[in-house]
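Nothing in this text is a laboratory measurement; each read-out follows from the coordinates by a stated rule. All values derive from a computational prediction rather than experimental measurement. Using ideal geometry, Cβ is built from the backbone for each residue, glycine included, and neighbour counts are taken over all protein chains shown.
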């Protein structure tokens, strides 16, 4: 009954989007969503009308709604304006826009991937599917292995039916059909991660718990890093991030190999592969490709030359920049630079000292105001112009008002005449005293007049 009351207008998914007459498959939600979010599958976007990223995502989100309506009708796609319903933003712990969350029977799964229709649809379908799938076909395994550069997955080799819940696993029987083993490898009830076309087994002897190992290995060699997943990437790997900045005009997902960014990425990938083979570098650094250079520019509080790379410690907000020119960098020089960073031989920049915090605060305010004017010039002009005009009028009124008071506004005519008379009397008295001779000129023996 509650579900019907909340979405009665969207029963046929024939809503209109942004005042247009184009049918939409995206539900416009309100604060009643908190009462039904534990029922079924929901794929939700928390947005703000003034957010430029939300506006760019809006058409893609519409396509996601239509695609899931066809491919997975049991997934409800919706969006909610957190500026109108702040209680929802507080309950869902939304701190940035847009925030995308999948709800699986009340379990919240934040989406931290690329903002592409295919990627988001694939994520929703997998999140709505079985937590663990059984892998019994070798061809299927090889197809998944080819895609593991973008979508790593885990295989649990066992003869039992144990389930793992928080990470996507595939149960594999007769594991020798899928991965080669040496004679001394005991593969009974072992876990392997398949990514970047190869595989790695979990080794308890490395000192990592299974949870920590899964969190660290669930990322590909060079994931695309965005504002949505950078904190998760840093927290799960517990490593410094080696981030590449491409030219702004380049398509991150498909860099041109002949462009400057494409050539730099080839070198960057080779450096990442060498780093993975070096146990010391592997334990300290996680590579990534920024999808938005503003993240790197905000870190350094300036405009970085592209293509380029920087090393970021997101925990302390310290960063390191190589002194080598980007066009002179090689995979060997990048490796040397990272070793110097790990050993503390590179100058640390940034941090959380008070001067740096103040400087960052000023930079953030300046860039945010600029972005507001760039994306919403009319709204921002009204937002700043109306209060400015109001205070300008008050200031002008205060400065231009004459506070001098005329005498007649205080004293009446009678008071003026009386005052003038008293003044004349006083003047005459002073003149009389002035006409009297000095005391030494008066004859003391002269009789006084009676």
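Sorting 114-120, 139-145, 314-320 by their mean Cβ neighbour count within 10 Å, with the most densely packed peptide first, gives 114-120, 314-320, 139-145.
Here r is the Cβ-Cβ distance between residue 254 and residue 327 and R0 is 22 Å; the resulting FRET efficiency, rounded to 0.05, is 0.50.
Grab the beta carbon distance between residue 90 and residue 314, set R0 = 25 Å, and tell me the FRET efficiency rounded to 0.05.
Numbers: r = 25 Å, r/R0 = 0.99.
The formula returns an efficiency of 0.50 here.
What does the convex hull of the Cα atoms come to per residue for region 26-168, in Å³? List each step's numbers first, then the result.
Details: hull volume 17.8 nm³, N = 143.
Cα-based convex hull of region 26-168, divided per residue, equals 124 Å³.
Determine the shape class of region 43-120: with a ≥ b ≥ c the square roots of the Cα gyration tensor eigenvalues, call it rounded for a/c under 1.5, and otherwise prolate if a/b is greater than b/c, oblate otherwise. Walk me through the numbers on the way to the answer.
On the way: a/c = 1.79, a/b = 1.24, b/c = 1.44.
It comes out oblate by the Cα gyration axes.
Taking label positions 7 Å along the Cα-Cβ direction at both residue 227 and residue 108, the computed distance is 1.9 nm, reported to one decimal.
One quarter of the convex hull surface built on the alpha carbon atoms of region 224-351 amounts to 7.2 nm², the projected area averaged over directions.
Taking the highest mean first, how do the peptides 60-66, 328-334 order by number of other beta carbon atoms within 10 angstrom per residue?
Values: 60-66: 20.4, 328-334: 15.1.
Highest-to-lowest ranking by the protection proxy: 60-66, 328-334.
The relative contact order of region 224-351, computed from alpha carbon pairs under 8 Å that lie at least 6 residues apart in sequence, is 33 percent.
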